[in-house]
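Notes to accompany the following structure.
Here, each number is a calculation from the coordinates, and none is a lab measurement. Model, not experiment: these values are computed from the prediction. Heads up, the Cβs are rebuilt from the backbone with ideal geometry, glycines too, and the neighbour counts pull from every protein chain shown.
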Amino acid sequence: MNYKEIIDKQIDHLDIYSKYIGEAVVPKKAIISPLRDERVPSFNVYWSARQQKYVWKDFGGNTGDVYKLLMEMYNCSFKDAVEKIAYDFNISLNPSRIKKSFLKLKKPRRINKIKKPSKYSFKEGDKEKMMNYISPYGISEETIYKYDGFFVSILTLIKEGSVNNFFNKKNGILGFNVDDKVKFYNPENKPKFLGNTSQETIFGYKQLSESNQDFILQSGGQKDTLCWYEMAGIFSICFNSESSNITANMELKLIKISPIHIIVLDDDELGNKKSKQFEEEGKIVIKLSDDPLFRRCKELNPDINDFADMCKVIISKLGKEKAKEIILKCRTVKEIRNVGKS
């Protein structure tokens, strides 16, 4: 058994994060990044079900596990990071095996040098590919344009001197202008999302603020937001990622529109985990899984978990116009409308 295996088995990684960050780390609670200077907390540690471990995400652009964090903080190798943790937590198999080169590492400090921002350029095109992918969800070209969307055939990312090109042969790429930033949706491909949006970016805020709607509906993602407008006539918003937590600045921004904040939770592990958190924050939580129409769609397709998926199932069986009629009468939409009137 090597040092990493012992660390993973014997030490809670949250304790490791807390030791080197210098404060108690609470999963999903944004804190000031230990890697760079910032005013608004944007560094999160959260449990990754896919990786089965606690990982971190810094909205400055980096992500990784606890070992990667030490490598970033101390500018050291993976081996040095492992041995430093073993040494600091009094784990020793054979002290003579440790070179202790990590003892020469400088004390961790925030990086004052601001990284050059990523730059994007793109070639418009592939509208037909994207519409073939997204129209089965009921989303029209008009709705995409309403949410400041555009179609991309080739996306070029210039980051720290390196140039990378992204394209999606099957579906194309969909871009959205959000405030002064841009987000790209690359469906059924990796990476799925690209862009320079931040933790505090609210997709759909502009459209909601320009409407007469007197309540806020928060959905899980961009596709859901487009479907809520197209299929139910409801303006909704979503955050930069489903795991993002609302900040004080975002709360102040949203409260100007309405104090009524409704959240429709997807039928997945993350939705179930965040239910209690949202209720404690005073949000009105509606579970899509409680809707008989969604459950019926789930029987037809067990893989669905959100509103857009439900729309796609109904449209595939009945067509878009009939699907609209049914969705407008479903329990979730009625509940949202009733809460909005209260």
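Observations on the model:
- In the range 125-173, GluC sites (Glu not before Pro) in a DSSP loop with at most 14 other beta-carbon atoms within 10 Å: Glu160
- Between the Cα long axis of helix 307-318 and the first principal axis of the chain there is an angle of about 40°, rounded to the nearest 10.
- Relative contact order of the chain, taken over Cα pairs closer than 8 Å and 6 or more residues apart, is 11 percent.
- Look at the dipole of the chain built from charges on Cβ: of Thr63, Ile85, Asn249, the Cα furthest out on the positive end belongs to Ile85.
- The packing ranking of peptides 187-197, 71-81, highest mean first, is 71-81, 187-197, where packing means the average number of other beta carbon atoms within 10 angstrom of each residue.
- Virtual spin-label span in nm between Glu188 and Asn165, 7 Å along Cα→Cβ: 2.3
- Rel. contact order, % - alpha carbon contacts under 8 angstrom, at least six apart, the range 116-197: 29
- Euclidean distance between Cα centres, the range 251-284 to the range 44-93, Å: 31
- Hydrodynamic estimate: the Kirkwood radius of the chain over Cα pairs, inserted into Stokes-Einstein at 10 °C and 1.306 mPa s, corresponds to D of 71 µm²/s.
- Each other residue within a Cβ distance under 15 Å of Gly319 adds +1 if Lys or Arg and -1 if Asp or Glu, for a net charge of +2.
- Ranked packing of 330-338, 2-10, 217-225, most packed first, by mean Cβ within 10 Å: 217-225, 330-338, 2-10
- Restraint check, Lys19/Lys79; Lys181/Lys320; Lys123/Lys170; Lys119/Lys146; Lys169/Lys253, Cα-Cα greater than 27 Å: Lys181/Lys320; Lys169/Lys253
- Each part gets one Cα centre, and for the range 1-39 versus the range 126-183 those centres are 36 Å apart.
- Result for the chain in a Gaussian network model with C-alpha springs under 10 Å: among Ser289, Ser211, Ser162, the largest mean-square fluctuation is at Ser162.
- Cα gyration tensor, the range 301-342 - rounded (a/c under 1.5), prolate or oblate: oblate
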